[in-house]
Amino acid sequence: MADPFPRAGPLARLAELGFRLPHAPAPVAAHVPALRVGTRVITSGQLPLVDGSLAAIGRLGAEVTVAEAYALARVAAVNALAAVHAQARLDDVVRVVRVGGFVASAEGFTDQPAVVDGASHLLEQTFGERGRHVRSAVGVAWLPLGSPVEIELEVEVEVRA
């Protein structure tokens with residue numbers, strides 16, 4: 001369970017978890033990485049890109065294991081947080097509202113929730129109770145560039161004067 005009162009800010013917590021916040025990844029198609037609408041920041045789907053390249057390619061139940069995809073979902077969630085950070089400081093996140101997780105799944109693979117747990121656990125570890133959210137974990141035949149997982153976020157942010 002997430003620490004209800006994280007002792008450090010989100011960037012420090014990410015560092016404790018072994019992540020640095022990258023620049024928001026460039027979109028792979030005709031869209032923006034994130035959009036702020038009032039007190040909400042909504043991200044486009046983010047892939048597990050590391051230094052501009054996919055960390056893995058393949059589908060669950062075929063080339064990629066649940067443990068590997070769990071770790072990839074964490075990377076994709078960090079990239080989604082980078083997209084959020086480009087619109088509003090992570091310190092201003094009041095609540096993670098929703099996570100959408102898409103898992104490239106071979107026929108018969110049904111453990112999508114265990115994969116998307118990687119993103120959910122990272123958000124709870126980063127924000128404590130503010131990181132608990134609603135979510136979807138959806139299996140799809142293929143994802144862009146052959147990615148095993150894609151994560152999108154919606155967060156509520158504090159309005160600063």
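The values are calculated or read from the model by the stated rules, or taken from the named source; none is laboratory data. As the structure is a prediction and not an experimental result, all values here were calculated from the model. Here the Cβ is made from the backbone with ideal geometry for all residues, glycine too, and neighbour counts use every protein chain on show.
Cβ-Cβ contacts under 6 Å between residues 6 or more apart (or on different chains), taken from a first residue in the range 74-94 that is in a strand (DSSP E or B) to a second residue that is among the acidic types (D, E) and surrounded by fewer than 21 Cβ atoms within 10 Å (Cβ to Cβ), are listed as V94/E156; V94/E158. Summed over the range 104-129, residues that are within 17 Å of V84 (Cα to Cα) and out of contact with any Leu (no Cβ under 9 Å at 6 or more places or on another chain) total 2.
Among the residues of the range 125-150, those identified as in a loop (DSSP other than H, G, I, E, B), surrounded by fewer than 19 Cβ atoms within 10 Å (Cβ to Cβ) and within 14 Å of the chain's Cα centre (by Cα) are R132, H133. For F109, the stated conditions hold: it is at pLDDT 95 or above, over 10 Å from the mean Cα position of the chain (by Cα) and surrounded by fewer than 21 Cβ atoms within 10 Å (Cβ to Cβ). The single condition among (1) outside any helix (DSSP H, G or I); (2) touching a residue at least 40 places away in the same chain (Cβ under 8 Å); (3) closer than 21 Å to V140 by Cβ that V115 does not satisfy is (1). Just so you know, in the range 95-111 the residues that are assigned to a strand (DSSP E or B) and out of contact with any Asp or Glu (no Cβ under 6 Å at 6 or more places or on another chain) include one that is nearest to V41 (Cα to Cα), and it is V96.
Sort through L122, L153 and tell me the only one that's crowded, with 24+ Cβ neighbours inside 10 Å, touching a residue at least 60 places away in the same chain (Cβ under 8 Å) and assigned to a helix (DSSP H, G or I).
Working: L153 fails: assigned to a helix (DSSP H, G or I).
Going through L122, L153 in turn, just one is crowded, with 24+ Cβ neighbours inside 10 Å, touching a residue at least 60 places away in the same chain (Cβ under 8 Å) and assigned to a helix (DSSP H, G or I): L122.
Considered as a group, the residues in the range 39-62 that are over 16 Å from the mean Cα position of the chain (by Cα), touching a residue at least 60 places away in the same chain (Cβ under 8 Å) and in a loop (DSSP other than H, G, I, E, B) include one that is surrounded by the most Cβ atoms within 10 Å (Cβ to Cβ), and that residue is R59.
Working only within the range 63-82, note down all residues that are of a type in the set (D, E, K, R) and under 16 Å from the mean Cα position of the chain (by Cα).
E68, R74
The set of residues from the range 63-73 being outside any loop (DSSP other than H, G, I, E, B) and surrounded by fewer than 23 Cβ atoms within 10 Å (Cβ to Cβ) comprises V66, A67, E68, Y70, A71.
Which residues, taken from the range 83-99, are within 12 Å of the chain's Cα centre (by Cα) and either surrounded by fewer than 20 Cβ atoms within 10 Å (Cβ to Cβ) or of a type in the set (D, E, K, R) (or both)? Before you say what the answer is, go through the steps one by one.
Start the filter on the range 83-99 by keeping residues that are within 12 Å of the chain's Cα centre (by Cα), which leaves 83-84, 96, 98-99.
Listed by number, the list holds a single entry, R98.
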